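Every read-out reported here was derived from the displayed coordinates using simple, explicitly stated rules and does not represent laboratory data. Small disclaimer: the values here were computed from a predicted structure and weren't measured. All Cβ positions, even for glycine, are placed from backbone atoms using ideal geometry, and neighbour counts span all protein chains on display.
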Amino acid sequence: MDLWEAVNSVPPVAGRAPKHKLRLFYRLRGAVGGWKSRFLRPGELTPDESRSEQWNRGRYLAEGPAHCGACHTPRGAMGGRDLSRRYQGGVEKVGSNGPDITTATLEANGWTEGDLSWSLRSGIMPDGDTYGSSMAEVVHHGTRFLSNADLAAIANYFFDQPPPE
């Protein structure tokens, strides 16, 4: 109610909102339906019974609420994620790269599960540098609020990733 009162305390602006400036493909409602039928995979993320409860929790968080693949998975020409290259790095909307965060690359760069868990809490990488761009926002507005158990679960998942689809 306080928020609504605050909104109503500001005088209205004269005029109308500007029209959207979307490219043709994005303006066609049918194209959105076509895109969804091609790339959207609805359904529940079922636990992998061959994996630990911690790993399954990490998978759920990474592939669900944290949606790590949105920036760290390459996309094709139509904007759908290329799941055969899951977590192998992608281009973020702001123009910087979401780096490769596959198990092999993390290990080759000297990361440990503890390092990943700590960096998702603090925004500080093992070399002392800090995250930049969108990842800094992810930590500031999201992962720093997760429990230690959830951060450890995400790290456990990334250090024991399944093969790409």
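Amide H to amide H, with H built 1.01 Å from N, ARG75 comes under 5 Å of ASP82, VAL91, counting only residues 5 or more places away or on other chains.
Karplus-based coupling profile of segment 130-143, in residue order and whole Hz: 10, 5, x, 6, 5, 5, 4, 5, 4, 5, 4, 9, x, 5, with θ = phi - 60° in 6.51 cos²θ - 1.76 cosθ + 1.60 and x standing for Gly or Pro.
Run the dipole for the chain about the Cα centre, Lys and Arg Cβ at +1, Asp and Glu Cβ at -1, nothing else charged, and hand back the magnitude in debye, nearest 20.
Details: 19 positive and 19 negative charges, 282 e Å.
Charge dipole, the chain, about its Cα centre: 1360 debye, nearest 20.
Only one of the values (i) -0.36, -1.05, -1.41; (ii) -0.31, -0.96, -1.38; (iii) -0.51, -1.08, -1.32 was calculated from this structure for log10 I(q)/I(0) by the Debye sum over Cα atoms at q = 0.10, 0.17, 0.20 Å⁻¹; name its label. Recomputing log10 I(q)/I(0) by the Debye sum over Cα atoms at q = 0.10, 0.17, 0.20 Å⁻¹ here picks out (iii). What FRET efficiency do you get for THR46 and THR130 if R0 is 35 Å and r is their Cβ-Cβ distance, rounded to the nearest 0.05? Between THR46 and THR130 the formula returns 0.45. Arranged from fewest to most other beta-carbon atoms within 10 Å of their beta carbon, MET135, MET1, MET78, MET125 become MET1, MET78, MET125, MET135.
Each residue of segment 64-80 was assigned a 3J(HN,Hα) from its phi angle through the Karplus expression (A = 6.51, B = -1.76, C = 1.60, θ = phi - 60°), giving x, x, 7, 5, 4, x, 4, 10, 9, 10, x, 10, x, 4, 8, x, x Hz with x at Gly and Pro.
With contacts taken as Cα pairs under 8 Å at a separation of at least 6 residues, the chain carries a relative contact order of 21 percent.
Treating only the Cβ of Lys, Arg, Asp and Glu as charged (+1, +1, -1, -1), what charge dipole size does segment 77-133 show about its Cα centre? Round to the nearest 20 debye.
On the way: 5 positive and 8 negative charges, 66 e Å.
Rounded to the nearest 20 debye, it is 320 debye.
Measure nothing but the geometry: give the 0 to 90° angle between the long axis through the Cα atoms of 29-39 and the longest principal axis through the Cα atoms of the chain, rounded to 10°. Here the helix axis deviates by roughly 10 degrees. Counting only alpha carbon atoms, the long axis of helix 113-122 and the longest principal axis of the chain meet at about 30°. When the charge dipole of segment 1-40 is built from unit charges on Cβ atoms (+1 for Lys and Arg, -1 for Asp and Glu) and taken about the Cα centre, the candidate among VAL32, ALA17, MET1 whose Cα reaches farthest toward its positive end is VAL32. With a simple spin-label model that places each label point 7 Å from the Cα along the Cα-to-Cβ direction, the separation between ASN148 and LYS36 comes to 4.3 nm. Applying both filters, DSSP loop and at most 12 other Cβ atoms within 10 Å, to the trypsin sites (Lys or Arg not before Pro) of segment 64-132 gives LYS93.
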